[in-house]
1. So for region 17-38 (the condition being at pLDDT 75 or above, charged (D, E, K, R) and surrounded by fewer than 18 Cβ atoms within 10 Å (Cβ to Cβ)), does at least one residue qualify?
2. Restricting attention to region 95-107, does a residue exist that is surrounded by 21 or more Cβ atoms within 10 Å (Cβ to Cβ), assigned by TED's automatic domain parsing to the domain that holds R11 and of a type outside the set (A, V, I, L, M, F, W, C)?
3. Can you pull out the residues in region 21-43 that are closer than 14 Å to A129 by Cα and hydrophobic (A, V, I, L, M, F, W, C)?
4. Only one of (1) buried (at least 19 other Cβ atoms within 10 Å of the Cβ); (2) modelled with pLDDT of 80 or more; (3) assigned to a helix (DSSP H, G or I); (4) within 16 Å of the chain's Cα centre (by Cα) is not met by H157, so which one is it?
5. Test R254 against the criterion of being outside the structural domain of V82 (by TED's automatic domain parsing) and in contact with an Asp or Glu (Cβ under 6 Å, 6 or more places away or on another chain), and give yes or no.
6. Given (1) exposed (fewer than 15 other Cβ atoms within 10 Å of the Cβ); (2) modelled with pLDDT under 90, where does D250 come up short, assuming only one miss?
7. Here is a check on your reading of the model: is G174 in the same structural domain as L127 (by TED's automatic domain parsing), surrounded by 16 or more Cβ atoms within 10 Å (Cβ to Cβ) and either β-branched (V, I, T) or at pLDDT 80 or above (or both)?
8. Which one is nearest to the chain's Cα centre (by Cα), of the residues in region 205-227 that are crowded, with 18+ Cβ neighbours inside 10 Å and part of a helix (DSSP H, G or I)?
Amino acid sequence: MTESEQASRLRRANRVSRVVIAANLGLALLKAIVGLIGNSTALVSDAVHSASDVLSTVAVLLALHFSHIPPDEDHHYGHQRVESLATKAISIFLIAAAVLIIRGAYRSLTGDALLIPSGLALAAAGLSAAVKEVLYRYALGHGRAIQSQALMADAWHQRSDALSSLGVLVGIAGARLGFAFLDPVAALVVAAMILRMGVLYYWRAENELLDAAPEESVLDEIFLVASQVQGVENIDELRARQHGGRILVDLEIRVKGNLSAAGAHAIAHRVEKAILGECRRVAEVLVHVNPAQSE
């Protein structure tokens, strides 16, 4: 990935994150006011959830900023893993949010009946669910486009809040129809979904920090591109690891034994150029040349 591509990636992520922050601040304020006025404790809790989304998106902005700082004398491979740390932090937000929802739902199921929420609270919950779903699709699409795990994790945070708002919508509607138990039951279902995503993204971040290999399809693509370069007799070894949103590749190729050092180096350079040119997520390739044994 060139410096201009990295700069473009950062600008795009910043633009997405600013939109998400502004929308979440507006939703949090709206739900808090309507929840208090409309006798809906569920909506007030959902407002707190939206506020937590603002914190997670700010974390993404900071992570993307620091991950694009170039290598220095203390960090020879750059700072991309800050993005993995941010993904891990967001996953903890998701898990914590799920635990809080479960706790609140349990108290509702075992406690006194809640006040009947107003129609305004019902409308606010519906609006929140719709807006959050739009934010999820918006952030996820851009996150996939620039291969930002932190931005994709934050997108799922938006989806978790959309599901939470949907659960609140069902609960408020149920309460207004005389089925107050639907509120905590829906909250438990939503919490399970949020918990699953939190654990998934935590595990992905851990794998990146532990130098896990990318998906098999990515390795197959790298292998195919390298093996098709003229002069490559065989791929002896292929290793790759995730480094933030990038992939670093270590490759051993076999060439004819009678080649000069300059000729072997030229083939290695062509392999590196081909992989960087055709495998979009790959940011660095280290090619080692093994000469074939003379018969």
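1. yes
2. no
3. Filtering region 21-43 down to residues closer than 14 Å to A129 by Cα leaves 23-24, 26-28, 30-31, 42-43.
Answer for region 21-43, where residues must be closer than 14 Å to A129 by Cα and hydrophobic (A, V, I, L, M, F, W, C): A23, L27, A28, L30, A42, L43.
4. (2)
5. yes
6. Every condition holds for D250 apart from (2).
7. yes
8. Applying the first criterion (crowded, with 18+ Cβ neighbours inside 10 Å) to region 205-227 yields 205, 208, 214, 218, 221-222, 226.
Imposing the further condition that a residue be part of a helix (DSSP H, G or I) reduces the set to 205, 208, 218, 221-222, 226.
Details: A205: 9, E208: 12, V218: 18, E221: 23, I222: 23, A226: 29 Å.
Out of the qualifying residues, it is A205.
The values are calculated or read from the model by the stated rules, or taken from the named source; none is laboratory data. What you see is a predicted model; the values in this text were computed from it and never measured. Neighbour counts run over all protein chains shown; Cβ positions are idealised from the backbone, glycine included.
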